[in-house]
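**Q** This is the structure, below, for whatever I ask next.
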Amino acid sequence: MRPSVFFYVTYVLCLCLGLLCLLFVSCWRSHWRGGFSWDGTAQQFNWHPVLMVSGLLVLYGNAVVVYRVPFTWKQKKHTWKLVHAGLMLLALLLSVLGLCAVFDFHRGVHIPDLYSLHSWVGICTVVMFTFQLVLGLAGFLLPCSPLWFRSTLKPVHIWMGKAILILSLTSCISGINENLLLTLNGTNGEPYNSLPMEAKFANSLGILIVAFGLFVFGILSINKWQRPETDRENVHLLLTEDST
Ligand code: HEM
């Protein structure tokens with residue numbers, strides 16, 4: 001199979017997994033947990049998983065692989081930098097809204113904030129993501145950013161990008177698990193360990209999330225799928241090395 005065909009097959013599977021994650025999380029919260037509203041009740045909490053999975057997982061995961069799509073290689077890198085940054089900004093916006101949903105809900109029903117392992121990992125993920133976005137915008141999009149800063153930032157940016165994805169996957173899995181334990185064991189219905197339909201469905205969402213993450217990491221790990229550096233970009237790199 002030609003490398004680009006292999007890429008597109010993997011990429012389409014990755015897109016499908018992302019869409020399935022969105023479908024599953026929305027169905028879970030609307031079918032079993034009463035749907036959505038913004039009034040400080042449990043229906044407001046329901047926005048939290050949906051917005052976090054959409055923003056910090058699916059949109060973020062797609063934004064990190066955007067440079068790998070072969071048809072973008074013939075176009076200007078700057079255009080795709082803007083697409084990458086735009087998707088990241090949208091992902092941050094959805095995540096902040098998702099956090100507002102849960103903090104507001106906690107305030108409404110007098111639940112303390114930031115007590116669980118999930119919330120600690122989650123808040124670190126969002127803080128790190130914000131930091132990464134500010135540094136990335138300043139370093140790679142501001143025309144006045146010095147070359148030494150860009151070249152120092154690049155490996156850190158790549159490392160942080162992967163770290164955020166791992167943290168985001170961890171947050172989603174721990175959030176699903178915590179929510180199932182809290183809701184199913186705290187009511188008179190069937191407990192979690194009797195594996196009611198809701199638990200089967202939400203566990204499957206967890207598996208889809210992990211599969212999506214593995215596909216994104218798979219795409220990132222294949223060197224042949226990296227955007228080839230053009231001559232101009234190479235000159236830029238040489239200049240950068242000379243200046244350090
Ligand atoms: C990237 C994904 C996620 C991040 C960054 C994240 C982050 C957070 C944070 C920071 C809190 C604390 C809010 C507070 O203390 O008031 C929280 C609460 C909560 N989240 Fe998430 N979350 C994510 C995904 C999910 C998912 C998919 C679920 C599944 C239902 C979930 C379930 C919960 C629950 C039940 C709480 C309330 C209990 C607690 O504070 O631990 N989260 N989340």
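**Q** Name the residues in region 7-32 that are among the aromatic types (Phe, Trp, Tyr) and closer than 18 Å to GLY213 by Cα, would you? Break it down into steps so the answer makes sense when it comes.
**A** Here is the first cut: in region 7-32, the ones among the aromatic types (Phe, Trp, Tyr) are 7-8, 11, 24, 28, 32.
Scanning region 7-32 gives PHE7, TYR8, TYR11, PHE24.
**Q** Kindly check whether there is at least one residue in region 177-192 that is polar (S, T, N, Q), touching a helix residue (DSSP H, G or I) at 6+ places or on another chain (Cβ under 6 Å) and farther than 18 Å from TRP47 by Cβ. Give the steps one after another, and end with the answer.
**A** From region 177-192, those polar (S, T, N, Q) are 177, 179, 183, 185, 187-188; that's our starting set.
Next, from what is left, pick out any that are touching a helix residue (DSSP H, G or I) at 6+ places or on another chain (Cβ under 6 Å): 185.
When the remaining residues are screened for being farther than 18 Å from TRP47 by Cβ, the result is 185.
There is at least one residue in region 177-192 that is polar (S, T, N, Q), touching a helix residue (DSSP H, G or I) at 6+ places or on another chain (Cβ under 6 Å) and farther than 18 Å from TRP47 by Cβ.
**Q** Determine whether SER151 is at negative phi, within 16 Å of the ligand (Cβ to nearest atom) and assigned to a helix (DSSP H, G or I). Step through it out loud before you land on a result.
**A** Working: at negative phi: yes; within 16 Å of the ligand (Cβ to nearest atom): no; assigned to a helix (DSSP H, G or I): yes.
No.
**Q** For region 184-203, does any single residue satisfy the condition of being at pLDDT 95 or above and under 30 Å from ARG2 (Cα atoms)?
**A** So far as region 184-203 goes, no, none of its residues is at pLDDT 95 or above and under 30 Å from ARG2 (Cα atoms).
Yes or no, residue by residue, for (1) within 15 Å of the ligand (Cβ to nearest atom); (2) touching a residue at least 12 places away in the same chain (Cβ under 8 Å); (3) at positive phi:
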residue: VAL134; (1), (2), (3): no, no, no
residue: SER171; (1), (2), (3): yes, yes, no
residue: SER174; (1), (2), (3): yes, yes, no
residue: LEU181; (1), (2), (3): yes, no, no
residue: ASN188; (1), (2), (3): no, no, no
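**Q** Take region 99-126 and flag every residue that is touching a Gly at 6+ places or on another chain (Cβ under 8 Å) and either farther than 16 Å from LEU167 by Cα or modelled with pLDDT under 95 (or both).
**A** ASP104, PHE105, ARG107, GLY108, VAL109, listed by residue number.
The values are calculated or read from the model by the stated rules, or taken from the named source; none is laboratory data. Keep in mind that this is a model prediction, so the values were computed, not measured. As a convention, Cβ positions derive from the backbone with ideal geometry for all residues, glycine included, and neighbour counts pool all protein chains shown.
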